[in-house]
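To start, the structure under review is shown below, and the notes come after it.
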Amino acid sequence: MGNILIWLLLCFPLCGALISYLTGRKNKKIRDYVVMAVSLLEAVGAGVLLFLEVSASEGMSTGVEQLSGLGIHFMTDGFRVTYLLISCLLWFA
């Protein structure tokens with residue numbers, strides 16, 4: 001579950017940005033609510049990831065090895081997830 005959650009936390013803000021752009025063209029007030037909802041859901045996901053990180057004895061990692069010849073690798077540990085949670089809450093405020 002941790003690997004899927006890492007990918008969701010990476011891709012969800014990009015989808016939320018597209019949705020907020022499209023709704024912002026019609027109504028600015030609804031766009032603000034969409035951005036707050038995306039930030040709140042991202043913070044909830046970061047909180048779940050922090051809980052999984054604390055309950056696991058070691059960090060979770062995922063990646064794509066075939067990307068650009070060298071690959072891309074994402075890893076979680078206590079500091080990274082805490083920083084993610086704080087940045088999500090700052091975007092919400």
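Annotations
- Here each label is just a point 7 Å from Cα along the line to Cβ, and for ILE4 and LYS28 those points are 4.0 nm apart.
- Averaged per residue, segment 1-52 has 67 square angstrom of accessible surface, using a 1.4 angstrom probe with ligands and nucleic acids left out.
The values are calculated or read from the model by the stated rules, or taken from the named source; none is laboratory data. As the structure is a prediction and not an experimental result, all values here were calculated from the model. Here Cβ is always computed from backbone atoms with ideal geometry, including for glycine, and neighbour counts include all displayed protein chains. Accessible surface areas use protein heavy atoms only, side chains included; no ligands, DNA or RNA. Shrake-Rupley method; radii C 1.70, N 1.55, O 1.52, S 1.80 Å.
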